[in-house]
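Student: I'd like to ask you about the structure that follows.
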Amino acid sequence: MNRWVFAVPLERLGEGEPLRVKADDTQVVMIKVDGVIHAVLNRCPHLGCFMHKGQLSGHLLTCPCHDWVFDIRTGQFTAAPEITIPIFPTKVENGEILIDLGGK
Ligand code: FES
């Protein structure tokens, strides 16, 4: 079941600039690449480091702690795709970015 919640005003999210937000009680990293907005849980599945401090290269986000690399489109760890970081659907309505926490 969908549960769309407000994340951040659209104008606050710059292209290629990961932004830490709190949506409801969930810490999320919002990332815009090529105009498409992605939302990733702000917790690395390895040891829980904050992902918003990671390095972004295209669609690849590298965890700042031990350099695990995730594809923000799928959530998959590039070295072992069976390991994933949760991702969330996004949409824009009335100048606001919403994310769907329903699958959380
Ligand atoms: S906590 Fe992210 S790679 Fe270790």
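Student: Rounded if a/c is under 1.5, else prolate if a/b is larger than b/c, else oblate: which is the stretch 4-100, with a ≥ b ≥ c the root eigenvalues of its Cα gyration tensor?
Tutor: Details: a/c = 1.85, a/b = 1.63, b/c = 1.14.
Here the stretch 4-100 falls in the prolate category.
Student: Which order do the peptides 58-68, 15-25, 37-47 come out in when sorted by mean C-beta neighbours inside 10 angstrom, highest first?
Tutor: Result, highest mean first: 37-47, 58-68, 15-25.
Student: Report the net charge of residues surrounding Leu60, where surrounding means a beta-carbon distance below 12 angstrom and charges are Lys +1, Arg +1, Asp -1, Glu -1.
Tutor: Working: positive: Arg73; negative: Asp67, Asp71.
The answer is -1.
Student: Now, a different point. Using the Cβ atoms and a cut-off under 12 Å, what net charge is assigned to the surroundings of Ile31, where Lys and Arg are +1 and Asp and Glu are -1?
Tutor: Details: positive: Arg20, Lys32, Arg73; negative: Glu15, Glu17, Asp34, Asp71.
Result for the local shell: -1.
Student: In the stretch 79-104, whose amide N lies under 20 Å from the spot 7 Å out along Cα-to-Cβ of Val5? List them in ranges.
Tutor: Under 20 Å, as judged by backbone N against the label point of Val5, lie 85-104 of the stretch 79-104.
Student: Report the paramagnetic label zone for Arg20: residues of the stretch 45-63 whose backbone N is under 18 Å from a point 7 Å from Cα along the Cα-to-Cβ axis.
Tutor: What the label zone holds, given the 18 Å backbone N cut-off, is 45-56, 61-63.
Throughout, read-outs are computed from the coordinates displayed, never taken from laboratory work. Here the structure is a predicted model, which is why all the values come from computation and not from measurement. Note that each Cβ is placed from the backbone with ideal geometry, even for glycine, and that neighbours are counted across all protein chains shown.
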